[in-house]
1. Kindly flag which residue pairs out of A:K155/B:K350; B:K152/B:K507; A:K155/B:K214; B:K312/B:K460; A:K69/B:K80 have an alpha-carbon separation exceeding 29 Å in this structure.
2. On a full-extension model of 0.36 nm per residue, what is the gain between B:L132 and B:K312, subtracting their alpha-carbon distance, rounded to one decimal in nm?
3. Where does the range B:379-537 land on Rg/Rh, using Cα atoms and the Kirkwood Rh?
4. Given Cα positions, please report Rg to Rh for the range B:248-318, the hydrodynamic radius being the Kirkwood one.
5. Per the Cauchy relation, a quarter of the hull surface: what is the mean projected area of the convex hull of the alpha carbons in chain B, in nm²?
6. How big is the gap, in Å, between the Cα center of the range B:211-273 and the Cα center of the range A:61-139?
7. Is the range B:107-214 best put as rounded, prolate or oblate by its Cα gyration tensor, with a ≥ b ≥ c the root eigenvalues, rounded for a/c under 1.5, and otherwise prolate when a/b is larger than b/c, oblate when not?
8. Taking the Cα centre of the protein assembly as shown as origin, work out the dipole magnitude from +1 charges on Lys and Arg Cβ and -1 charges on Asp and Glu Cβ, in debye rounded to 20.
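What follows draws every value from the coordinates through simple rules; no lab data is involved. Being a predicted model, the structure only gives us computed values, none of them experimental. No Cβ is skipped: glycine too gets one built from the backbone with ideal geometry, and neighbour counts run over all protein chains shown.
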Amino acid sequence: MDRRKALRNIGTGIGAIAVTPTVVSLFQSCQTAATYTPAFIPAEDFEIVSNLMELIIPKTEIPGAIELKLPEFTDAYIAAVWDENQKASFTEGWSEFLAASTKSASKEKSSQLSIEDWDAQLAKYLKPGNDIPAEEEGAAKFANQLRSLTVNAFKTNEFIGETVMAYAPIPGEQRGCVDLMETTGGKAWSL
Amino acid sequence: METNYDAIVVGTGISGGWAAKELCEKGLKTLVLERGRMVKHVEDYPTMNDDPWDYKTGDVITQETLKKQEKQSRTNYSTKESTKHFFVNDIEHPYNENNRFDWMRGYHVGGRSIMWGRQSYRLTDFDFTANLKDGVAIDWPIRYKDIAPWYKYVEEFIGVSGKNIGLPHFPDGNYLKPLELNCVDEVLKDSVSEKYSDRVVANARVAHITEGTKPGLGRSTCQYRNRCSRGCPFGAYFSSNSSTLPTAEATGNMTLRPNSVVHEVIYDADAKRATGVRVIDAETKEVYEFNAKVIFLCASTVPTTSILMQSKSDAFPNGMGNQSGELGHNIMDHHFQVGAEGRFEGFEDKYYTGRRPGGIYIPRFRNIGGKTDDNDFLRGYGYQGGANRGSWSDTVAEMAYGADFKEQITKPGDWSMGINGFGEILPYHENKMILDYDKLDQWGLPTVTFDATIKENEMKMRKDMQEQAIEMLENAGFKDVKGYDNEYAIGLGIHEMGTARMGRDRKTSVLNANNQLHDVPNVYVTDGASMTSAGNVNPSLTYMALTARAANHAVEELKKMNI
């Protein structure tokens with residue numbers, strides 16, 4: 001989706017109703033889901049995947065996963081880069097994650113889960129110190145994989161790479177040991 | 001079309017470029033034949049300025065590419081979406097494997113000099129005398145003193161960054177200022193210096209200009225972009241395209257003909273000399289013959305030997321120069337992908353600038369005399385490696401996800417360091433390549449079949465390579481040190497060599513001390529095929545030095561009417 005168009009849509013939303021960041025994200029995700037045809041992720045699940053990625057990389061003073069189109073990147077990445085075994089494993093992990101999440105939230109269908117339900121499920125699998133029941137290991141592994149994919153997409157994003165992280169396409173010099181704060185203000189090099 | 005020249009050079013990579021430069025500078029009208037397409041410096045580097053986000057996969061190779069480059073991608077690092085055009089299509093350029101053999105190739109002007117690793121080390125007399133001392137294979141016909149001036153000459157022209165530290169097994173050279181080690185590299189360096197008397201951590205020596213300029217097509221100082229294998233717009237690292245070929249071109253003596261598949265050297269039995277080469281035009285499939293007084297085969301190890309094997313005549317029924325029966329045998333590489341890595345706690349407030357093209361190098365410390373000879377294997381190995389800050393750390397993982405997590409992943413992660421061994425493979429007669437005339441390529445030429453494996457000596461060495469790597473990192477205070485010994489097959493080091501070895505005796509070798517075929521003195525082989533043993537260092541610098549030396553020998557011999 002065109003970024004300018006997305007911002008315009010959000011602007012309209014803000015003017016019309018009082019919204020929380022979560023609602024903005026959901027609103028964006030609807031827009032995204034409506035205009036993007038996934039290459040790998042099942043179309044009916046794309047919105048949920050997008051919302052999960054937005055929970056992992058939420059909008060702050062810099063855009064979040066949905067506005068950065070990380071779900072679209074990730075979908076295209078998996079479709080193009082992964083072999084059939086990796087794809088099958090992802091699909092299996094996704095089913096387990098959906099099933100475990102639906103059960104945890106005491107709902108009948110995954111489409112009935114709220115953002116709060118998804119958040120609770122990610123917390124269970126990604127926050128340290130939680131005991132994961134044996135039958136949910138596949139779901140927990142999936143959550144970790146989704147986080148890695150989201151981070152990869154975030155760090156491969158042009159806006160993040162060029163304006164948020166320290167960007168030096170032509171460094172021009174090489175120095176072995178320098179002060180982090182003085183050199184990049186504490187940011188990692190994006191390249 | 002002119003078909004008569006003073007010299008013919010087959011191949012335009014590391015060796016061919018040097019042969020072209022030296023022969024043209026000495027006034028020989030030289031035809032340079034390249035089987036692949038033209039690649040002009042800068043102009044034909046389409047991806048040289050791309051960022052990862054310019055690719056829909058972030059420059060990670062796709063399944064679609066893999067289908068065409070399965071073998072080319074076996075390293076897991078060399079083929080990317082940004083470099084794939086410099087590697088061959090495996091379907092169009094097939095070969096056969098009795099045992100897995102990884103053969104990475106670039107069929108274009110410049111060859112692998114565009115994508116090479118650029119590590120540039122000299123062999124030493126520990127290498128040149130090794131076969132004799134160990135009673136393995138045959139003795140090299142040359143010693144360090146024969147090649148040392150040519151190493152100096154080559155280093156001066158190409159530009160090599162490094163530092164002299166005065167070790168006989170890591171000889172001083174002609175170096176531009178070294179790349180800087182980072183804070184954690186220095187930790188390992190200090191620790192090794194303190195705890196070991198037999199080894200040092202040195203600066204990598206890489207063919208990059210780190211100060212000033214070098215001859216060629218506008219070669220200037222490295223900008224530390226680390227996009228080398230896509231071709232460098234600054235000409236900062238050595239490639240044939242930026243350096244030797246433009247220098248040859250500038251003499252007015254070079255005729256460069258791409259799309260020219262050389263498959264045979266023509267022999268005149270009466271004169272006992274080669275008279276020229278047979279060529280198939282890769283695009284039109286028309287056949288041509290070109291003639292010259294002297295021929296340099298620099299097509300890279302396997303194609304060079306392949307050409308000799310196909311050059312059959314009554315005098316040479318088993319291939320030109322194969323009176324010894326050694327042609328195609330003794331294929332070697334460097335075995336690697338074994339070492340260790342660990343995490344380092346501290347220096348959280350430190351970082352580095354620039355993406356350096358080389359880190360640390362730990363020169364060989366086994367079997368170089370005295371106590372260092374006390375091993376259960378022959379020869380030795382060196383390590384390449386370096387420290388860096390990772391992308392996200394355990395502390396970040398504890399933040400799980402969300403806004404704080406997002407903030408943290410924009411910061412550098414923990415320091416970690418890996419050191420990866422590169423070891424010598426012995427020349428085994430049974431490790432060989434042969435031609436398969438039942439499986440022809442699209443030009444009707446036989447395909448190559450490989451039959452080679454590493455053996456007991458290499459396996460024992462790998463054990464030591466891993467153990468020593470772990471020990472050095474642990475001694476230096478690294479945490480969570482993990483050794484690894486990943487799958488390795490010959491060729492994966494992309495240093496395939498041997499198959500037309502130099503030697504003192506025509507009954508046991510293919511080439512003499514000047515890289516001439518023993519029995520056809522106007523045919524020189526100066527690429528990796530000529531290697532009698534592998535040493536343990538990256539070989540390209542040696543190919544350049546051997547080529548420059550042989551080219552100057554050829555010019556002298558022509559003047560004396562000896563060839």
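1. Violating the 29 Å limit, Cα to Cα: B:K152/B:K507; A:K155/B:K214; B:K312/B:K460.
2. Here the segment from B:L132 to B:K312 would lengthen by 61.6 nm.
3. 1.17
4. 0.99
5. 25.5
6. 52
7. oblate
8. In debye, rounded to 20, the protein assembly as shown gives about 1900.
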